[in-house]
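Any read-out appearing in this document is the output of simple, stated calculations on the displayed coordinates, not a laboratory observation. Remember, it's a predicted structure, so these values are computed and weren't measured experimentally. A quick note on method: Cβ atoms are made from the backbone with ideal geometry, for glycine too, and the neighbour counts reach across all protein chains shown.
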Amino acid sequence: MELRTLNTYGVTKYGGEVFKCGCGKTHELHTKAIYFESGAVSKLPDALELCAPPLSLAFVAVEKSIADKLEPRIDKVISRGGFRVAMHVYNGSPKPDLESVSELKVPEDARIMVGVGGGVIADIVKYKAQQLSLPCVIFSVSPYGVGVMTPSAMLSENRIEQTFRTAPPVAVVCDTELFRAGPNRLAAAAFGGLVSKLTALFDWKSAALINSEYYCEPLFDAALSVIDECLNRVCGGVYDARGVVAGIAEDNLKFSAVCQLTGSSRLTSGAESQCAHALKLLFENEDRKCFLRGENEFLFARIIMKMYKNLLTKCGAFFVPPPDNNLRMELMAEYFGLDEAGIAEKIRPIIAGRAQKLCAYKVGEYRGELYSLACDFDVRLARAWKAFKRLYDDDGFALIDYIDPTDASLCVSLAPDLKEKYTMLTYMKNAGLLEDYLR
């Protein structure tokens, strides 16, 4: 299939496709099947048959609140389909960390793992399946699914996020009726989380120009077209969360398919993700209520894109004193409640001398191209802002004063780096351009 036809079909057409790309490579979608329909829970046995023969043992990980409301019950659906079932039910919402992974006691004769839940369960199951060399199936109950099909899992160790390489799921099952039955803010989080990936796209482009990272223009364009499709879907003027949530969920899966084609989590791990993680750490440490991940990512995407625009208007203003990483570690320990020894591993070493001058030179050299892209993406984010608010029952009233200027400054300047992902925010930190936020 030609990559340019990626958005021509419904998401269910993508399973197992190989895409010919203008970059000269072929990109394969290893996920063999995507079941996206009303009543899709009945398709679970079909998904399992792609992994193992009937009578095999399927190990299911699910949150209790989800297991209780699913009808028919997951274990009964799987057993009626001819598979044996073992389950681990999390009593509360599992945290996206390695401790939650360690709770899973998978029987030795298990041949498939099944994750039932949102992005956290998907990452936990993908990680555990990779450890045990087992195939996995994800039954997604959340419309925010940009990371469901990525070949990676984002989990915390000692409260600091890391990206771990995994195999993608063999199949994904989504029951659209579950999306429509959820609260409206889930639609807002799914929409905002997807649109926030404009920041990740910008970071990918800038990393290619500044840091010589692998980059594929057709995949960049494909990801952007999915975001634009979602923008057009939601910004049409009728802000009915329940009416558009299934479409938003499908757009999330399309974006996740593009992510898988890139072979990494690059498109889900921009500066917006770094800052959303920092906000969660900050609010946990101060015992404040934190919104959903997609909501936080969107709010920071708007802040960060304006910072990028401001940076790129200052041609030549890139040579400043190096960052004070000792101060940064002290503040991360104070505001995020982190252990300084663990923090040291998450702060990039200072790039000095010729290497730093080369980065500064490239930022200046590509300033015009990057500034134009930042302006373009800022317009898209501004367009999304009104629709994002209208998806809430209170038209976004709850967003007022949720993140104050001090919160934003702390998160932007102290967000732990994803070492494997170079962002423009990482460049700004390393170049000492965020030191004023620390004072």
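Using only the Cα atoms of region 69-125, build the gyration tensor, take square roots of its eigenvalues as a ≥ b ≥ c, and label the shape rounded, prolate or oblate: rounded if a/c is under 1.5, else prolate if a/b is larger than b/c, else oblate. Oblate, because a/c is 1.5 or more while a/b does not exceed b/c. Comparing the chain with the 2.2 N^0.38 Å rule of thumb, its C-alpha radius of gyration ratio is 0.96 (two decimals). Bridgeable lysines around Lys357 (alpha carbons under 18 Å apart, same-chain partners fewer than 8 residues away excluded): Lys314, Lys429. Does region 188-438 classify as rounded, prolate or oblate by the C-alpha gyration tensor (a ≥ b ≥ c root eigenvalues; a/c under 1.5 gives rounded; else a/b over b/c gives prolate, otherwise oblate)? Verdict is oblate for region 188-438. Shape class of region 74-206 from the Cα gyration tensor (axes a ≥ b ≥ c, square roots of the eigenvalues): oblate, since a/c reaches 1.5 or more and a/b does not exceed b/c.
Across region 280-290, rounded Karplus estimates of 3J(HN,Hα) from the backbone phi angles (6.51 cos²θ - 1.76 cosθ + 1.60, θ = phi - 60°) give 4, 4, 4, 5, 4, 5, 9, 6, 10, 6, 10 Hz, Gly and Pro being marked x. Within region 178-262, none of the trypsin sites (Lys or Arg not before Pro) combine a DSSP coil assignment with at most 12 other C-beta atoms in a 10 angstrom radius. Per-residue Karplus couplings for region 222-231, computed as 6.51 cos²θ - 1.76 cosθ + 1.60 with θ equal to phi - 60°, are listed in order as 5, 5, 5, 5, 5, 4, 5, 4, 5, 4 Hz, Gly and Pro entered as x. A Förster distance of 41 Å, applied to the separation of the beta-carbon atoms of Asp46 and Leu98, puts the FRET efficiency at 0.80. Using only the C-alpha atoms, the convex hull of region 53-92 corresponds to 48 Å³ per residue.
Taking the helices alone, the chain has a mean residue ellipticity at 222 nm of -15500 deg cm²/dmol, built from -39,500 (n - 2.57) per DSSP H run of at least 4 residues and averaged over all its residues. Per-residue Cβ neighbour counts within 10 Å put Leu134, Leu311, Leu391 in the sequence Leu134, Leu311, Leu391, beginning with the fewest.
The GluC sites (Glu not before Pro) found in region 369-439 that occupy coil by DSSP, while having at most 14 further C-beta atoms within 10 Å, are Glu420. Shown for Val18, Val173, Val234: other C-beta atoms within 10 Å of each C-beta, ranked fewest to most, produce the order Val18, Val173, Val234.
Structure note, pairs Lys32/Lys280; Lys20/Lys362; Lys254/Lys389; Lys64/Lys386: Cα-Cα distances above 25 angstrom occur for Lys32/Lys280; Lys20/Lys362; Lys64/Lys386.
Computed over region 392-436, the alpha-carbon pair-distance distribution with 10 angstrom bins reads 23, 37, 24, 15, 1, each value a whole percent.
Ordering Phe300, Phe377, Phe191, Phe283 by the number of other Cβ atoms within 10 Å of each residue's own Cβ, fewest first, gives Phe283, Phe377, Phe300, Phe191.
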